[in-house]
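Engineer: Before we start, here is the structure in question, set down as structure tokens.
Read-outs: derived from the displayed coordinates by stated rules, not from any lab. Predicted model, so just to flag it, every value in this text is computed and none were measured. FYI the Cβ positions are ideal-geometry reconstructions off the backbone, even for glycines, and counts take in every protein chain you see.
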Amino acid sequence: MAPVHEELGCYLLAGAGGSGPATLVQEARRAEELGFGTAFLSERWNVKEASSLVGAACAVTSRIRIATAATNCNTRHPLVTASWATTMHRLSGGRFTLGIGRGVAPLYSAFGIPEVTTAHMEDWARVTRRLWRGETIIGHDGPMGSYPVLFLDADFDEDIPLALVAFGPRTLALGGRVFDDVILHTYFSPETLTRCVTTVKRAAEQAGRDPDAVRVWSCLATVGDHLPEADRLRKTVGRLATYLQGYGELLLRTNDWDPAVLQRFRDDPVVQSVPGAIDAKATVAQLEHIATLLPSDWLSVAATGTPDRCVARIRDEFSYGADRVILHGASPDELEPILAEYGAATVR
């Protein structure tokens with residue numbers, strides 16, 4: 001059995017979901033075998049429905065923590081979400097973390113789903129914890145909505161970690177005040193990572209919490225050069241380009257990047273010709289062109305190259321203040337050489 005690195009995580013079904021949800025079972029087992037501390041699952045409204053995938057991952061593993069990063073707190077009734085989390089908590093022997101995110105506002109608007117505010121997420125987190133303590137809540141009227149009665153089970157006394165995927169300063173501060181884990185976004189510069197950690201820890205302290213008890217996860221794109229070049233392009237250029245498609249302004253504000261670059265990217269006819277998310281739909285030729293539109297210092301935030309170079313970049317994230325690091329954008333098998341080097345370097 002490989003050594004366990006509690007400080008490291010990976011995603012299952014990274015990106016658009018690879019070859020389909022059935023691969024999750026093998027990926028979950030491999031993540032555990034390789035020694036990852038946590039396996040994360042994101043949710044997409046296709047074949048990446050979170051509750052189904054979490055149940056499968058919990059059922060086929062015995063040690064690794066399984067976490068959502070993220071699902072949403074407004075697309076299921078709060079009793080459904082709280083009940084699902086309790087079921088996963090008990091099914092897994094206490095290995096489940098329920099992680100939420102704000103979601104993408106334009107999608108919510110298009111689908112007729114009310115936008116999630118910071119106050120909504122805080123209200124939801126506090127209500128959910130009360131339900132897990134067995135409380136009956138009568139006449140709740142707050143940012144998450146109005147509910148005559150909210151109740152699960154009077155015998156509940158559950159301690160289920162809550163995680164928050166955070167971008168901006170208000171969401172980061174909410175994570176420090178209320179949540180157990182704060183998960184940052186991919187392609188954050190070192191300066192951004194340090195600032196985010198400081199924001200979370202300060203908010204925790206101001207709320208009377210132990211700042212060290214709130215774990216801040218760096219989400220580090222990790223793409224070794226042992227992968228085929230086309231895969232590397234998709235997982236670096238394609239992934240960053242997809243983020244710029246969806247919420248480029250937010251990523252630029254967070255990193256203090258040049259908005260003129262984003263405008264040139266969006267105006268480019270090749271970018272406009274891709275019928276959907278670039279990481280899922282672009283051809284290799286399109287990705288090679290798009291690579292010329294992105295500054296090298298934006299892409300250099302990722303961990304790339306040989307396993308030892310990737311490991312050095314992972315360790316940098318701890319020096320910038322991260323408590324834990326998610327090796328993002330690759331499957332457990334694709335990360336195996338890097339994790340092996342990480343373990344060997346720890347021993348040396």
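Engineer: For segment 39-70, which positions are part of a strand (DSSP E or B) and touching a Leu at 6+ places or on another chain (Cβ under 8 Å)?
Structural biologist: The answer is 39, 40, 41, 48, 66, 67, 68.
Engineer: While we're here: Which of the residues belonging to segment 101-152 are farther than 25 Å from residue 246 by Cβ, in contact (Cβ under 8 Å) with a residue 60 or more places away in the chain and either in contact with a strand residue (DSSP E or B) (Cβ under 6 Å, 6 or more places away or on another chain) or among the acidic types (Asp, Glu) (or both)?
Structural biologist: Of everything in segment 101-152, those that are farther than 25 Å from residue 246 by Cβ, in contact (Cβ under 8 Å) with a residue 60 or more places away in the chain and either in contact with a strand residue (DSSP E or B) (Cβ under 6 Å, 6 or more places away or on another chain) or among the acidic types (Asp, Glu) (or both) turn out to be 147, 150.
Engineer: Among the residues in segment 18-36, are any part of a strand (DSSP E or B), of a type outside the set (A, V, I, L, M, F, W, C) and crowded, with 17+ Cβ neighbours inside 10 Å?
Structural biologist: no
Every residue, every condition in (1) surrounded by fewer than 17 Cβ atoms within 10 Å (Cβ to Cβ); (2) in contact with a His (Cβ under 8 Å, 6 or more places away or on another chain); (3) not basic (Lys, Arg), yes or no:
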| residue | (1), (2), (3) |
| --- | --- |
| 189 | no, no, yes |
| 199 | no, no, yes |
| 202 | yes, no, no |
| 205 | yes, no, yes |
| 215 | no, no, no |
| 218 | no, no, yes |
| 237 | no, no, yes |
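Engineer: If a residue must be under 25 Å from residue 191 (Cα atoms) and part of a loop (DSSP other than H, G, I, E, B), how many such residues does segment 210-229 contain?
Structural biologist: Adding up the residues that qualify gives 2.
Engineer: Please enumerate the residues belonging to segment 159-176 that are surrounded by 18 or more Cβ atoms within 10 Å (Cβ to Cβ) and in a helix (DSSP H, G or I).
Structural biologist: Within segment 159-176, 171, 172, 173, 174, 175, 176 meet the criteria.
Engineer: Need the failing condition index for residue 89 against (1) farther than 22 Å from residue 182 by Cβ; (2) in a helix (DSSP H, G or I); (3) in contact with an Asp or Glu (Cβ under 9 Å, 6 or more places away or on another chain), just the number.
Structural biologist: (1) is the only condition that residue 89 fails.
Engineer: For the subset of segment 300-325 comprising residues that are of a type outside the set (Ser, Thr, Tyr) and surrounded by fewer than 17 Cβ atoms within 10 Å (Cβ to Cβ), which member is farthest from residue 248 (Cα to Cα)?
Structural biologist: In this case the residue turns out to be 308.
Engineer: Also, I was wondering about something else. Across segment 207-226, what is the total count of residues that are touching a strand residue (DSSP E or B) at 6+ places or on another chain (Cβ under 6 Å), of a type outside the set (Val, Ile, Thr) and closer than 20 Å to residue 320 by Cα?
Structural biologist: Of the residues in segment 207-226, 6 are touching a strand residue (DSSP E or B) at 6+ places or on another chain (Cβ under 6 Å), of a type outside the set (Val, Ile, Thr) and closer than 20 Å to residue 320 by Cα.
Engineer: Say we look at segment 92-107 and pick out the residues that are aliphatic (A, V, I, L, M) and not in a loop (DSSP other than H, G, I, E, B); which of these is nearest to residue 182 (Cα to Cα)?
Structural biologist: 100
Engineer: Look at segment 108-142 and say how many of its residues are among the hydrophobic types (A, V, I, L, M, F, W, C), more than 17 Å from residue 166 (Cβ to Cβ) and part of a helix (DSSP H, G or I).
Structural biologist: 5
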